[in-house]
Amino acid sequence: MKPNSDKPPGYEAKPADYFELAREEMLAFLPPHCRRVLDVGCSKGNFGKLLKQTRNLEVWGVEPVAAAAAEAATKLDRVIEGVFNAETDLPPESFDAIFFNDVLEHLFDPAAALRHARTLLKPDGVIIASIPNFRHFQTLWKIAVLGEWRYQDCGILDATHLRFFTRKSILELFAETQFTIQKLEGLKPFFSMHPSYTQVWKIYRLFGWLPVTRIQEMRFLQFAVVAGKQNAK
């Protein structure tokens with residue numbers, strides 16, 4: 001179905017493997033009671049396929065890129081081609097979990113997306129999201145020390161990112177949209193140990209041992225969030 005085929009600019013130039021990631025590390029955040037799941041920005045459906053292989057689940061997807069949506073439709077129970085918004089043809093209060101795996105940062109209005117997702121969740125349903133950490137030490141080093149801000153095909157400075165998040169702003173976003181965060185964990189510590197950045201991480205380790213949350217969180221490339229409705233009983 002195509003309720004809204006408009007998509008954010010820049011996706012046509014993405015490398016082919018951009019839509020292939022299965023995000024296996026996000027499986028552990030799905031609560032055991034879930035039976036119907038929505039994957040927003042499902043790409044080619046590899047994550048949803050993995051969900052179906054490991055759990056007895058019905059998996060729906062929403063994907064704005066036509067070619068990726070077509071492939072996802074061969075793997076998932078139902079796929080809607082289009083941008084996730086209030087016009088998307090999805091049944092209210094029908095999902096146990098809604099995944100946003102590296103999706104919220106691509107949206108013009110992440111808060112609006114979460115508010116709409118609220119209407120699609122069952123009373124005890126959860127949002128599960130992976131969100132890039134803008135305070136990742138390697139990224140801040142490039143910007144603050146080297147004076148570089150170069151957009152890339154993927155990663156924290158992905159050229160299609162419209163929003164940037166820190167741990168603090170993630171907390172604020174979910175509070176603003178009336179969700180209670182149940183888990184907030186860092187993913188991929190000390191990511192990208194390319195030889196050219198080995199010294200950068202050695203510098204981080206000089207003060208990274210300090211028991212200060214704002215310093216320790218800088219080692220994570222992303223944060224994983226699990227959040228439920230504030231008024232859930």
Next on the checklist: Output wanted: per-residue J couplings in Hz (rounded whole) for segment 73-88, from phi through Karplus 6.51 cos²θ - 1.76 cosθ + 1.60, θ = phi - 60°, x for Gly and Pro.
Outcome noted: 4, 7, 10, 9, 6, 7, 10, 10, 7, x, 7, 6, 7, 5, 8, 5
Checklist outcome for this item: Among Lys75/Lys168; Lys75/Lys183; Lys44/Lys188; Lys142/Lys168, the pairs whose Cα-Cα distance exceeds 25 Å are Lys75/Lys168; Lys75/Lys183
Next on the checklist: Need the C-alpha centroid separation for segment 97-149 versus segment 21-59, integer Å.
Outcome noted: 18
Next on the checklist: Applying a 10 Å radius around every beta-carbon, put 68-78, 171-181, 147-157, 129-139 in order of their mean neighbour count, most first.
Outcome noted: 129-139, 68-78, 171-181, 147-157
Checklist outcome for this item: Taking placed amide H atoms and a strict 5 Å upper bound, the residues 5 or more places from Val126 or on another chain that come that close are Ala97, Ile98
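Based on the mean of other Cβ atoms within 10 Å per residue, sort peptides 116-123, 216-223 so the most packed one is first.
216-223, 116-123
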Checklist entry - By the scheme Lys and Arg +1, Asp and Glu -1, what is the net charge of all other residues having a beta-carbon under 9 Å from that of Arg36? => result -1
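Just so you know, all these numbers are worked out from the coordinates, no wet-lab data involved. No experiment lies behind these values; they were computed from the predicted model shown. Counting neighbours? That spans all protein chains shown, and the Cβs are built from the backbone with ideal geometry, glycine included.
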